[in-house]
Amino acid sequence: MQVLHVDYPLSPESAYPEALEALFDVYNLLLDQGVQAKDIILSGDSCGANLALALALKIQQESLPQVSGLILLSPLLDLTLTSESLRYNQKHDALLSLETVLTGIEYYVPRSIDRGDPEVSPFFADLAGLPPIHIQVGSKEILLDDASRFKEKAEQAGVEVEFKLYTGMWHNFQMFSAWFDEAKQALTDLAEFAHRLDRD
């Protein structure tokens, strides 16, 4: 499969909505160039998963052809920080801390924007009509409940969800596939999901 990695604007230099608007522009450019929406899968990890989901919701809101699926790795989806795992997994997540999340939100979300706005916290959006979603999360990461709560809400909205929980793993553990079998398996799992969408 071809992979397009978008060099979108990052905070703190660029705040919401610059990144989402840049990604939306790229999507429109792909459609203008004749790329079929059914041949596109949106994917992201952590904050990038937030943007991938927000983009799919914006595509739906603008009544554009929807992508074939979403891959969300260790997603940060609720910027109001109501997920309990932010607290109970603080001492277990080897990569991400609550302090880092708080700092990132401060940089990304202007004070004039409600952190519960679905464009910055897509967990709170109307999820009905979204394409199939593959979610990966580790049992020891602070964003565990963002992923598990989203799975439940998406399924209640009628969305097809493939949820993969990897025991003992932390935030963005997929980066460590050279050392951990769980990370290797995670990459295999997301590839199988992508190829299944491609066959469908």
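Got a number for residues in the range 129-177 being hydroxyl-bearing (Ser, Thr, Tyr), modelled with pLDDT of 95 or more and part of a loop (DSSP other than H, G, I, E, B)? I'd like the intermediate steps shown before the answer.
So the first thing to find is which residues in the range 129-177 are hydroxyl-bearing (Ser, Thr, Tyr), and the list is 139, 148, 166-167, 177.
Applying the additional criterion that residues be modelled with pLDDT of 95 or more yields 139, 148, 166-167.
Next, from what is left, pick out any that are part of a loop (DSSP other than H, G, I, E, B): 139, 167.
Residues that pass the stated criteria total 2.
Could you please let me know if ASN28 is in contact (Cβ under 8 Å) with a residue 12 or more places away in the chain, in a helix (DSSP H, G or I) and either open to solvent by 70 Å² or more (accessible area, probe 1.4 Å) or out of contact with any helix residue (DSSP H, G or I) (no Cβ under 7 Å at 6 or more places or on another chain) (or both)?
yes
Specify the residue that is nearest to ILE113 (Cα to Cα); the eligible residues are those in the range 12-35 that are under 20 Å from the mean Cα position of the chain (by Cα) and among the acidic types (Asp, Glu).
Per the criteria, the residue is GLU18.
I'm told ASP198 meets every condition in (1) among the charged types (D, E, K, R); (2) farther than 15 Å from PRO75 by Cβ; (3) without any contact (Cβ under 8 Å) to a residue 40 or more places away in the chain except one. Can you identify the failing condition by its number?
(3)
Name the one entry in LYS164, LYS153 that is farther than 16 Å from GLY69 by Cα and open to solvent by 40 Å² or more (accessible area, probe 1.4 Å). Lay out the reasoning, then the answer.
Details: LYS164 fails: farther than 16 Å from GLY69 by Cα.
After ruling out the rest, the residue left standing is LYS153.
Among the listed residues LEU64, LEU42, LEU4, which satisfies the condition of being more than 19 Å from ILE105 (Cβ to Cβ) and out of contact with any Phe, Trp or Tyr (no Cβ under 9 Å at 6 or more places or on another chain)? Reasoning before the result, please.
Values: LEU64 fails: out of contact with any Phe, Trp or Tyr (no Cβ under 9 Å at 6 or more places or on another chain); LEU42 fails: out of contact with any Phe, Trp or Tyr (no Cβ under 9 Å at 6 or more places or on another chain).
So the residue among LEU64, LEU42, LEU4 that is more than 19 Å from ILE105 (Cβ to Cβ) and out of contact with any Phe, Trp or Tyr (no Cβ under 9 Å at 6 or more places or on another chain) is LEU4.
The values are calculated or read from the model by the stated rules, or taken from the named source; none is laboratory data. Remember, it's a predicted structure, so these values are computed and weren't measured experimentally. When we count neighbours, we look across all protein chains shown, and the Cβ atoms used for this are built from the backbone with ideal geometry, even at glycine. Surface areas here come from the heavy atoms of the whole protein model, side chains and all, with no ligands, DNA or RNA. Shrake-Rupley method; radii C 1.70, N 1.55, O 1.52, S 1.80 Å.
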